[in-house]
Amino acid sequence: MTGTKKIFYTIKEVSERYQIKPSTLHYWEEVFPMLKPKRNKKGNRLYTEQDILLLDMIYFLVKIKGYTLKGAKEKLMSEREKIEQKAFIFQTLFRTKIFLQNLLKSMENFDKENQ
């Protein structure tokens, strides 16, 4: 998510990544039975890289392509490999966009400070 691989991600980290509420993630768990984050002793959800990959695909289908949850579930069942590739490309482009936006902000701040 940030360039370094972690074993587990908290629900806060995951909801920030996708800019969705934790309750949305809870609901997606009900709709997509293959999404089963692990839980610690307190019961807190811990998402693995595999969960993140699945969430990338769900997010891509629902938030980017506009599928209903039912439609996204059906699409994942029938074309998972193709969706995985498209979601990976989207996430790569999205992270690149964020990086470039942050770089532009840094350059603008640098220019303001050095005028």
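The values are calculated or read from the model by the stated rules, or taken from the named source; none is laboratory data. Because the structure is predicted, anything quoted here is derived from the model rather than measured. Because the Cβ atoms are built from the backbone with ideal geometry, glycine has one as well, and the counts that use them run over all protein chains shown.
Every condition in (1) surrounded by 15 or more Cβ atoms within 10 Å (Cβ to Cβ); (2) closer than 22 Å to Phe94 by Cβ is met by Glu16 except one, and the failing one is (1). Of the set (1) assigned to a helix (DSSP H, G or I); (2) loosely packed, with under 15 Cβ neighbours inside 10 Å; (3) among the aliphatic types (A, V, I, L, M), all apply to Ile7 but (1).
Restricting the range 48-96 to residues that are among the charged types (D, E, K, R) and within 14 Å of the chain's Cα centre (by Cα), the residue that is nearest to Lys38 (Cα to Cα) is Asp51.
Screening Tyr27 with (1) of a type outside the set (Lys, Arg); (2) modelled with pLDDT of 95 or more; (3) not in a helix (DSSP H, G or I) gives one miss only, at (3).
With respect to the conditions (1) surrounded by 19 or more Cβ atoms within 10 Å (Cβ to Cβ); (2) out of contact with any Leu (no Cβ under 6 Å at 6 or more places or on another chain); (3) farther than 16 Å from Tyr18 by Cα, Ala72 falls short on a single one, namely (2).
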